[in-house]
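Enquirer: Submitted below is the structure of interest, expressed as structure tokens.
The values are calculated or read from the model by the stated rules, or taken from the named source; none is laboratory data. The shown structure was predicted, so the numbers you read here are calculated from the model rather than taken from an experiment. Please note: Cβ atoms are built from the backbone with ideal geometry, for glycine as well, and neighbour counts cover all protein chains shown.
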Amino acid sequence: MIVCEGGAQAGGVTEARSTNFLLSAERTFPMDSTRRTPDGIAGYTKPAINRAYRTPMLLAAVWAACTPDANTPLPGMSTVTDSAGVRVVDLGDAPLDIAPRLAFAPDPEHVIRSREDDASALLYDVRDVEMLPRGRIAVANGSGNEILVFDSSGEPVATWGGTGDGPGEFRSLEWLALLPPDTFAAGDRGLRRATVFNTAGQYIRSFGTADAVDRASNPIPPIPVGLLDDGSVIAVAYSQPDPVPGSERPAVEIVAIPPTADSVHAIGTWPGEEVAKFRDDGLLEVTQPPFGRRLHLAARADGVWIADDDRWEARKYSAGGELRMIVRSSAGSVWVTDELLEAFIRERYRDAAEVPTLEEMKEDLREIARQTTTPSFGMIVGRTDGGVAIGEFGLGTASPRKWVTVQPNGTVATVELPAGLDVKRWGPNWILGVVRDELDREEIHLYRILTGAAPGPVAQASPSLRPSNGLDIVGHQLT
């Protein structure tokens, strides 16, 4: 966490561990373009939008103890207005300090761990988590492109999918989504398609985004990133950066593809992941610069949340591209000092091997650093009720610890999450995510948001705080 002089709080840094990876608040994606090529950036792999796929779910046996009183937090200090069908929630200039704070259970209510005696139930590179009927939990396991299914007690009961191009197989399994009442979908970034199963795991159908686009005008099909309740797939099409030195945010077009896959509805175009391009020994290299700006996307059951972290604002759109809701704050960003830049570089190369070129790579980052302020927030997660949660920007490799959560009716609250929790699902009174234990093994944790939110600020400001990654950072609030 960054704590600003004068008592204001700001956040930290998204994940990246080497010059050859793009930052992502959920995980890192290899960036093929960082290999040197004399002819520009041929073979460039588009950076991934920070995604948080959220769909409605059946709260069955595993959630039976949840109480409805926790669904309504205390009223937040916000201004809610409605105009022309758009709800606007203005959080003011210090939402983390002013909005009521939700109490959070100190220990997880449910834990799913890998089975040491069962290699088929090994959790590794978890991409997403979803609830199925009868309290079962489905896990998108990236290491084997498999969907691992666990019962309400955490025991493995089924494995679906696997690596391949055939029906029900995946090349790059990325997200899961429950389609009420009894079907289930999974998204494949590599094959650019969505696959639909029944909730017993039987393959029903699949369709690729290429089926819906004009290949003559758009030869590269968009990547599916989420699913809506009506079966529409939310997909993104990336632009190539120009093969010249400099900083750039290549455009990203976001579209909705109906279940018939016979058309495309444009939602809009936004600046994408910021990249820095520079020449080294006459060759062009591409990477994300320190504190580079990013586009965040969270597909929800009834729409998609889109946010550019260059400012503190998230917008929700329907599948037809209609603006439905805006959540915004006038909170200031944090100045990037030399101390903060060095902390960023240390964190980025925290796990890097001590090779002769390591210092050269660090110096490259110093030279391409252009942003004078941090991004306005760290990541967004769509709530299962159609609202949104927005996490502060903080140095580290897991989700930001302090969040502002906004219900569809504009009710605002804040919550501080356990260190290291990578949020995958955000329900009305629970949060489901991934953590790593002391041996770097992945686990699925369910935490309960307790009844009786505690009023007052999330935390008292202080000159310096030590976040979970052990970094001491002091920032300076912009005026």
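Enquirer: Looking at (1) within 16 Å of Pro224 (Cβ to Cβ); (2) in contact with a helix residue (DSSP H, G or I) (Cβ under 7 Å, 6 or more places away or on another chain), find the lone condition where Ala140 falls short.
Expert: Condition (2) is where Ala140 drops out.
Enquirer: Please verify whether Asp90 is modelled with pLDDT of 90 or more, within 23 Å of the chain's Cα centre (by Cα) and at positive phi, treating the condition exactly as stated.
Expert: no
Enquirer: Report whether or not Phe344 is in contact with a Phe, Trp or Tyr (Cβ under 9 Å, 6 or more places away or on another chain), outside any helix (DSSP H, G or I) and buried (at least 17 other Cβ atoms within 10 Å of the Cβ).
Expert: It is false that Phe344 is in contact with a Phe, Trp or Tyr (Cβ under 9 Å, 6 or more places away or on another chain), outside any helix (DSSP H, G or I) and buried (at least 17 other Cβ atoms within 10 Å of the Cβ).
Enquirer: Ok, one more. If you take the residues in region 226-267 that are within 10 Å of Ala319 (Cβ to Cβ) and acidic (Asp, Glu), which one is surrounded by the most Cβ atoms within 10 Å (Cβ to Cβ)?
Expert: Applying the filter and picking the extreme gives Asp229.
Enquirer: Tell me yes or no: at least one residue of region 175-189 is under 24 Å from the mean Cα position of the chain (by Cα) and farther than 20 Å from Met131 by Cβ.
Expert: Within region 175-189, one or more residues are under 24 Å from the mean Cα position of the chain (by Cα) and farther than 20 Å from Met131 by Cβ.
Enquirer: Is region 111-127 home to any residue that is of a type in the set (Gly, Ala, Ser) and at pLDDT below 80?
Expert: yes
Enquirer: Do we find that Glu109 is touching a Lys or Arg at 6+ places or on another chain (Cβ under 8 Å), of a type in the set (Asp, Glu) and either in contact (Cβ under 8 Å) with a residue 60 or more places away in the chain or more than 30 Å from Arg328 (Cβ to Cβ) (or both) in this structure?
Expert: Yes; evaluated as a whole, the condition is true for this residue.
Enquirer: Give region 180-231 a look and list any residue that's at pLDDT below 90, touching a Leu at 6+ places or on another chain (Cβ under 8 Å), over 21 Å from Gly386 (Cβ atoms) and not hydroxyl-bearing (Ser, Thr, Tyr), or say none.
Expert: Gly208
Enquirer: For region 324-338, how many residues are part of a strand (DSSP E or B) and out of contact with any Ser or Thr (no Cβ under 8 Å at 6 or more places or on another chain)?
Expert: Number of matching residues: 4.
Enquirer: Continuing with this model, one more query. Tally time: how many residues in region 422-441 are part of a loop (DSSP other than H, G, I, E, B) and either closer than 22 Å to Gly386 by Cβ or among the basic types (Lys, Arg) (or both)?
Expert: Of the residues in region 422-441, 4 are part of a loop (DSSP other than H, G, I, E, B) and either closer than 22 Å to Gly386 by Cβ or among the basic types (Lys, Arg) (or both).
Enquirer: Does Thr260 meet the test of being over 30 Å from Met361 (Cβ atoms) and without any contact (Cβ under 8 Å) to a residue 12 or more places away in the chain?
Expert: yes
Enquirer: So, restricting to strands (runs of 3 or more DSSP E) that lie completely within region 353-420, which ones have at least 2 residues that are crowded, with 18+ Cβ neighbours inside 10 Å and either on the phi > 0 side of the Ramachandran plot or among the small types (Gly, Ala, Ser) (or both)?
Expert: In region 353-420, the matching strands (runs of 3 or more DSSP E) lie at 388-391.
Enquirer: With the requirement that a residue be in a loop (DSSP other than H, G, I, E, B), polar (S, T, N, Q) and closer than 20 Å to Glu443 by Cβ, what does region 147-190 give you?
Expert: Answer for region 147-190, where residues must be in a loop (DSSP other than H, G, I, E, B), polar (S, T, N, Q) and closer than 20 Å to Glu443 by Cβ: Ser152, Ser153.
Enquirer: Separate question: Provide a single number: the residues in region 191-201 that are part of a loop (DSSP other than H, G, I, E, B) and touching a Gly at 6+ places or on another chain (Cβ under 6 Å).
Expert: 1
Enquirer: Then there is this: Taking the stated definitions as given, is Val236 at negative phi, assigned to a strand (DSSP E or B) and touching a strand residue (DSSP E or B) at 6+ places or on another chain (Cβ under 9 Å)?
Expert: yes
Enquirer: Check region 311-318 and report whether any residue there is without any contact (Cβ under 8 Å) to a residue 24 or more places away in the chain, crowded, with 16+ Cβ neighbours inside 10 Å and not in a strand (DSSP E or B).
Expert: yes
Enquirer: Turning to a different aspect of this structure: Quick one: in region 271-305, of everything that is acidic (Asp, Glu) and modelled with pLDDT under 95, which residue is farthest from Ile380 (Cα to Cα)?
Expert: Asp281
Enquirer: Also, I was wondering about something else. State all residues of region 278-289 that are in a strand (DSSP E or B) and crowded, with 21+ Cβ neighbours inside 10 Å; if no residue qualifies, say none.
Expert: If the condition is that a residue be in a strand (DSSP E or B) and crowded, with 21+ Cβ neighbours inside 10 Å, then Glu285, Val286, Thr287 are the ones that fit.
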